[in-house]
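Engineer: Below is the structure I would like to discuss, written out as C-alpha cells.
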Amino acid sequence: MFDVTQFMTDRTDLPVATFEWGAIQWLCNEELSPGAKQTLGITHILPGRTNPRHFHPNCEEVLYLLSGCGRHSFGDGFIELQPGMTIRIPAGVTHNLTNTGSELLTCLIAFNSGHRETVFLE
C-alpha cells in the first residue's frame, strides 16, 4: 500500500508567484509531486494587463478560461476568449493572453510535462 498524500497538494498551502500583470499558482508539477508527468496551475491576469509573449519547447499547453475575457495570441493570429472556452497551444507556438475586460481574468492551465520549459520573447 502507498501513501496517497504524496500524490496530492492543497491550494491553500501552495505559494503564489506575483507579477506586474497578475499571478500564477502551480497546483501540480514535478517539483510539487516528484514523478509527475503533468503540470497544472491557476493564472490570474489583471484588467488591461498582458502576460509576456512566450512559447514552450517541450510541451503543449491547454488553457481553460474560468472567468473574465481576453484576447489570446496564437502564432501570428489572435482569438477572443470568454468563460467556458478552451484553447490548446502546441509546443513551440508563441502565445500570450491579454485581459480585455474590467474584471480579473482567471484560467486553468495544464501542460503535458511535469517540467514545463518556457522561453520568453519579451
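Engineer: Can you tell me how many residues in region 39-72 are of a type in the set (Phe, Trp, Tyr) and within 15 Å of residue 24 (Cβ to Cβ)?
Structural biologist: Of the residues in that region, 1 qualify.
Engineer: Here is a follow-up. Among the residues of region 8-49, which ones are of a type in the set (D, E, K, R), under 23 Å from residue 103 (Cβ atoms) and in contact (Cβ under 8 Å) with a residue 40 or more places away in the chain? Show your work before the answer.
Structural biologist: If we filter region 8-49 for residues that are of a type in the set (D, E, K, R), which is where we start, we get 10-11, 13, 20, 30-31, 37, 49.
With the extra rule that they be under 23 Å from residue 103 (Cβ atoms), the set shrinks to 11, 20, 49.
Hit for region 8-49 is 49, nothing else.
Engineer: Further, regarding this structure: Quick one: in region 67-82, of everything that is surrounded by fewer than 14 Cβ atoms within 10 Å (Cβ to Cβ) and not small (Gly, Ala, Ser), which residue is nearest to residue 108 (Cα to Cα)?
Structural biologist: Of everything passing the filter in region 67-82, 82 is nearest to residue 108 (Cα to Cα).
Engineer: Follow-up. Taking region 98-122, which residues are closer than 13 Å to residue 62 by Cα and either acidic (Asp, Glu) or assigned to a strand (DSSP E or B) (or both)?
Structural biologist: Listed by number, the residues that qualify are 107, 108, 109, 110, 111.
Engineer: I've got another one for you. Kindly provide the set of residues from region 83-99 that are closer than 18 Å to residue 42 by Cα and crowded, with 16+ Cβ neighbours inside 10 Å, ordered by number. Walk me through how you get there before you give the answer.
Structural biologist: Initial filter on region 83-99 (closer than 18 Å to residue 42 by Cα): 83-89, 95-99.
Of everything in region 83-99, those that are closer than 18 Å to residue 42 by Cα and crowded, with 16+ Cβ neighbours inside 10 Å turn out to be 87, 89, 95, 96, 97, 98, 99.
Engineer: Counting just the residues of region 20-30 that are surrounded by 14 or more Cβ atoms within 10 Å (Cβ to Cβ) and over 21 Å from residue 112 (Cβ atoms), which one comes out farthest from the chain's Cα centre (by Cα)?
Structural biologist: My answer is 21.
Engineer: Do you know which residues across region 79-121 are farther than 19 Å from residue 38 by Cβ and out of contact with any strand residue (DSSP E or B) (no Cβ under 8 Å at 6 or more places or on another chain)?
Structural biologist: The answer is 102, and nothing else.
Where a number appears in this text, it was derived from the coordinates with a stated rule and is not lab data. Because the structure is a prediction, the values reported are computed rather than measured. Glycine also receives a Cβ, built like all others from the backbone with ideal geometry; neighbour counts cover every protein chain displayed.
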